[in-house]
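Notes follow once the structure below has been shown.
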Amino acid sequence: MSAFVSVENLSQTYTARSWLRPGLAPTHAVRNVSFTIERNTVMGLAGESGSGKSTLARALVHLERPTAGEVRIGGIPLARLSRRGLRKARRRMQIVFQDPHGALNPRLRIRHSLGEALANAGVPRRERAAHAIQLLRLVGLAPEHLDRYPRAFSGGQKQRIVIARALAGNPEFLVLDEPVSSLDVSIQAQIINLLMDLKQRLGLTYLFISHDLNLVSYVSDTIGILREGWLVEHGPADEVLERPRAEYTRALFGASPSLHRAPRALRS
Amino acid sequence: MGLTTEQACEPSCVLRLRDLEVRFKSGAHPAEALRGINLDLRHGEVHGLVGESGAGKSVLLHTVLNLNRGAGTVITNGEVQYDGRNLLALFGPEIRRIRGAQIAIVFQEPTKHLNPGLTIEEHILDLLRYHLGITRRPAAARAAELLELVELPRRVLRNYAFELSGGMQQRAMIAIAIACNPRVLLADEPTTALDVTVQRQILDLLLRLRTELGLSVLFVSHDLGVVHEIADRISVLYAGKIIETAVDVDLFRAPLHPYTELLLESVPSAAMRGRELKVIPGAVPDATAVPVGCSFHPRCPIAAERCSAEVPELIQQGQQHAAACFYPGELGARLAR
């Protein structure tokens, strides 16, 4: 019961209603998923497109109320919170999405993007500038970046800013939904190292979602595999990597391209 | 200038790029997309071309097909030698006879490149009529045969692209590409948008077709893992130049260029667990402001004075291994110490 994040029998079902086509079958995007994440660890979540990864992420922090099931973060059951209570609880949990270009308002200087987040976190106006500089430093950017617009930044830098903004309310739990998928290989490593470093320094807990199995294998303490909404595999990373229980996990890892596999010429 | 291959290109080459340069006019400074590419595509090989975004991968493929022709906005130098001719010197119907017939291309996003108003069959029939003058009935038989070749059910012929899943679309696109029995297949990140299991199927399909049809494939990807899975030889592209070329095994076991080396070490995997990933500081240079000297020197941990003044040529280092670096293999040696 000491787990920092606990998810019990979580389901998310979408029912499309249309008078043109009555009786449409509901879509079960997430089905009866349960798991826990210990404080200051990383749970990696992998699965193919349409397996429910992002739906699970959204339901987890109650961006969408789940159809059924319970989520507790730091012991607080989210379902029982009022809208206002939920907004307050959200400071402790944040999401970082895949596309940093879509996540920053192009017409706001970085100062104001971060300022909004700091305001939401209850930081008084006069302290915000100093806080914003701290946040930028935390993610490896400099104070002079404050007065620029998002267009002045590369994808990797934008993702740093998005991460800085997510950290504005001193969260304890971050949902990282494909945080490096849109970045180049050499930039990916910078952001992954940054995230792992922040986790250590700030004692953060992550749900790290990615379709890239190599990446999930690298960052995770525990690994979950989703398939058609079911959590078909879940356990300590070493176990999942060496002795996966589900046939599907094996197939997925088998299909994943790897630099460490013997080259084709030697295999055949 | 150029590749110092003592043994000029062997006769087994299907496609040769010589000193290929492409510049796009943009504002005050032109964007130098390709800065002297020399590449030989050998008969029957899968040649992988890796690079990060902006390295010039797609421009290179488009240039092979002579598609980069903006009115006065694109400057192209060098040669694309195919079948004794320079494709860059061909115009109108001459180049159109080659495009799609002898040199075909498969793109990353099939929905963008297939006509939404045509069925898969109509795509194939159009091609067969235009290039080979085949009439409707025999062409329809050939279309059915092609679908079998890419392992799609025959009913897909009547489908429009949007009715198919991503993997099926890519198979359909491959079927269209190989319709006229091309000698060369250009593949521009054909599996990037696909899930790993589907990606695996498409890679297997391409390898099978290569053998069965004797295709030579130029396969572009940003994903080192994918290229490692499919390519016989690999060229690494950085800021519009090939900085290393080697047989797949050599490139991954003993990379010579610091960029290749760092790139390989920056890829996360289970084997890297608990270790910090290698990071290449900075970012890929903008094509309008490529650094003087070796374009990688501002990010290179072993850059010396010479690197910011002179441009290293792509020089043979071993039997089948070439690198454009004044200190090839140095970084690895230093790290090992």
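The values are calculated or read from the model by the stated rules, or taken from the named source; none is laboratory data. Values in this document were obtained by computation on a predicted structure and should not be read as measured data. Note that each Cβ is placed from the backbone with ideal geometry, even for glycine, and that neighbours are counted across all protein chains shown. Accessible surface is based on the protein model in full, side chains and every heavy atom, while ligands, DNA and RNA are left aside. Shrake-Rupley method; radii C 1.70, N 1.55, O 1.52, S 1.80 Å.
Looking at this structure, is residue A:228 within 13 Å of chain B (Cβ to nearest Cβ) and free of Cβ contacts under 8 Å to residues at least 12 places away in the same chain? Please lay out each step first, then the result.
Working: within 13 Å of chain B (Cβ to nearest Cβ): yes; free of Cβ contacts under 8 Å to residues at least 12 places away in the same chain: no.
Here the answer is no, as residue A:228 does not meet what is asked.
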query: What is the one condition in (1) modelled with pLDDT of 95 or more; (2) farther than 19 Å from residue A:166 by Cα; (3) facing chain B (nearest Cβ under 7 Å) that residue A:260 does not satisfy?
result: (1)
Count - residues of region A:170-195 that are touching a residue at least 60 places away in the same chain (Cβ under 8 Å) and within 11 Å of chain B (Cβ to nearest Cβ): 2
statement: Only one of (1) open to solvent by 30 Å² or more (accessible area, probe 1.4 Å); (2) under 13 Å from the mean Cα position of the chain (by Cα) does not apply to residue A:200, and that is (2)
message: Whether any residue in region B:277-284 is modelled with pLDDT of 90 or more and farther than 17 Å from residue B:53 by Cα is what I want to check.
response: yes
query: When only residues in region A:138-149 that are under 24 Å from residue A:201 (Cα atoms) and in a loop (DSSP other than H, G, I, E, B) count, which is farthest from the chain's Cα centre (by Cα)?
result: A:142
Any hit, region B:180-198, residues being of a type in the set (Lys, Arg), open to solvent by 20 Å² or more (accessible area, probe 1.4 Å) and over 29 Å from residue B:36 (Cα atoms): no
- prompt: Quick check: anything in region B:280-300 farther than 30 Å from residue B:27 by Cα and within 14 Å of another protein chain (Cβ to nearest Cβ)?
  reply: no
query: Among all residue pairs at least 6 apart or on different chains, which show Cβ distances below 9 Å where the first residue, located in region B:241-253, is within 11 Å of residue B:318 (Cβ to Cβ) and of a type in the set (Phe, Trp, Tyr) and the second is assigned to a helix (DSSP H, G or I) and open to solvent by 10 Å² or more (accessible area, probe 1.4 Å)?
result: none
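With polar (S, T, N, Q), more than 30 Å from residue A:6 (Cβ to Cβ) and under 17 Å from the mean Cα position of the chain (by Cα) as the only criterion, which of A:182, A:186, A:154 stands out?
Of A:182, A:186, A:154, the one residue that is polar (S, T, N, Q), more than 30 Å from residue A:6 (Cβ to Cβ) and under 17 Å from the mean Cα position of the chain (by Cα) is A:182.
In this structure, does residue B:307 turn out to be crowded, with 21+ Cβ neighbours inside 10 Å and touching a Phe, Trp or Tyr at 6+ places or on another chain (Cβ under 7 Å)? So that I can check it myself, show each step before the final result.
Working: crowded, with 21+ Cβ neighbours inside 10 Å: yes; touching a Phe, Trp or Tyr at 6+ places or on another chain (Cβ under 7 Å): yes.
Here the answer is yes, as residue B:307 does meet what is asked.
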- request: Go through region B:141-257 and tell me which helices (runs of 4 or more DSSP H), entirely inside it, have 1 or more residues that are more than 14 Å from every other protein chain (Cβ to nearest Cβ) and not polar (S, T, N, Q).
  value: B:166-177, B:196-213
query: Hey, among the residues in region B:259-279 that are within 7 Å of chain A (Cβ to nearest Cβ) and of a type in the set (Gly, Ala, Ser), which one's most open to solvent (accessible area, probe 1.4 Å)?
result: B:271
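Between A:216, A:232, which is at pLDDT 95 or above, under 17 Å from the mean Cα position of the chain (by Cα) and hydrophobic (A, V, I, L, M, F, W, C)?
On the way: A:232 fails: under 17 Å from the mean Cα position of the chain (by Cα).
From the options A:216, A:232, the qualifying one is A:216.
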task: Name the helices (runs of 4 or more DSSP H) wholly inside region A:27-137 in which the number of residues that are open to solvent by 70 Å² or more (accessible area, probe 1.4 Å), over 19 Å from residue A:181 (Cβ atoms) and not aromatic (Phe, Trp, Tyr) is 3 or more.
output: A:83-90, A:110-120
task: Residue by residue through region B:294-308, note down the ones that are free of Cβ contacts under 8 Å to residues at least 12 places away in the same chain and in contact with a Pro (Cβ under 8 Å, 6 or more places away or on another chain).
output: B:297
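Quick check on region B:51-67: of everything there that is under 16 Å from residue B:234 (Cβ atoms) and not basic (Lys, Arg), which residue is nearest to the other protein chains (Cβ to nearest Cβ)? So that I can check it myself, show each step before the final result.
Step one: filter region B:51-67 for residues under 16 Å from residue B:234 (Cβ atoms), giving B:51-52, B:55-57, B:60-61.
Going one step further and asking which of them are not basic (Lys, Arg), we end up with B:51-52, B:55-56, B:60-61.
Details: B:51: 9, B:52: 4, B:55: 9, B:56: 14, B:60: 17, B:61: 19 Å.
This residue is B:52.
Can you tell me which of B:128, B:88, B:132 is within 30 Å of residue B:157 (Cα to Cα), touching a residue at least 12 places away in the same chain (Cβ under 8 Å) and surrounded by 16 or more Cβ atoms within 10 Å (Cβ to Cβ)?
Working: B:88 fails: within 30 Å of residue B:157 (Cα to Cα); B:132 fails: surrounded by 16 or more Cβ atoms within 10 Å (Cβ to Cβ).
Being within 30 Å of residue B:157 (Cα to Cα), touching a residue at least 12 places away in the same chain (Cβ under 8 Å) and surrounded by 16 or more Cβ atoms within 10 Å (Cβ to Cβ) holds for just one of B:128, B:88, B:132, which is B:128.
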